[in-house]
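J.: Take a look at this one; I'll ask things after.
FYI, it's all coordinate maths here, none of it is from the lab. It should be emphasised that the depicted structure is a prediction, and the values quoted were computed from it without experimental measurement. Note that we place each Cβ from the backbone using ideal geometry, even for glycine, and neighbour counts take in every protein chain shown.
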Amino acid sequence: MATLYLVGTPIGNLQDMTLRAIETLKSVDLIACEDTRHSLGLLNYFEIKKPLITCHKFNEKESVEKIAKYLDEDKDVALITDAGMPAISDPGAILVNELKNKGYSVSVIPGPTALTSAIALAGLLNPVFTFLGFLPEKKKDKDALIVPYKNINTNLVIYSSPYDLNKNIDYLLKTLGDRYINIVKEITKIHEKAIRCQLSSAEIEEAKGEYVIIIEPNDQQEKEENSLSIKEQLMQKLDQGLDKKEAIKQVAKENNLPKDVVYKEALQLD
């Protein structure tokens, strides 16, 4: 039986492409892409020459019949998105559901995803998390998604474009109250970085690249505030990659202390 293959592709570094993914893309009869122009760069890099069609969020339902026709002709099809795993905040879920309901064969070729990579980089001690994807545009839709988790002991994971990053941080602060978050950006790329701070001090200047935001449960903040000294908080910020000036600023703000008080503690770290 012909098969639709969901193929994970790199989220930044092309060397993360798996051998199985390359072999699959070379063996299928057709590749469905989120953006054929974008995918051509990846395919050309690995010398993969196959017919391409588009399958994106605006035509995914229409793509079902087109791809089903190829499968009926006993032709294997691969689905790739611009980066990462299809159907994880990318096109693919509608296609997979409808094809499976029609009895077609669907298989997955695992690959990179920003979600699990960000979780690993954050080093979360509480392993429980809820993935919410990109936040909706309208506030009422954001509230419907976020508010039910306000008092649940789970890390909330969302994706954010650089254009929405500070707007999303502001919304989360107003809706969930101040708590620790991990901001992970440019995963697998040169400027990969993971910063842990509080929502109240998380404004990012000149945001660039795609972001994963991990909002920790409120009880985690309460535990840490009760257990860490000012010096320990400073060391924690420095370990997260902040420079001393920014670390002092954040610790002062988070503890409602004058900067000079925190600065004196910082001098003892030298």
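J.: Using Cα pairs under 8 angstrom and six or more residues apart, how large is the relative contact order of the chain, in percent?
T.: Normalised by residue count, the contact order of the chain is 17 percent.
J.: Could you order the peptides 192-202, 14-24, 248-258, 77-87 from most to least packed, using the average number of other C-beta atoms within 10 Å per residue?
T.: 77-87, 192-202, 248-258, 14-24
J.: Can you list the aspartates and glutamates whose alpha carbon is less than 16 Å from that of K193, not counting same-chain residues fewer than 8 positions off?
T.: Answer for K193, where 16 Å is the Cα cut-off: E203, E205, E206, E210, D239, D243, E246, listed by chain and number.
J.: With the convex hull built on the Cα atoms of the chain, state its orientation-averaged projected area in nm².
T.: 16.3
J.: Now for a separate question. Given the -39500 (n - 2.57) contribution per DSSP H run of 4+ residues, what per-residue ellipticity at 222 nm results for the chain, rounded to the nearest 500 deg cm²/dmol?
T.: -12000 deg cm²/dmol
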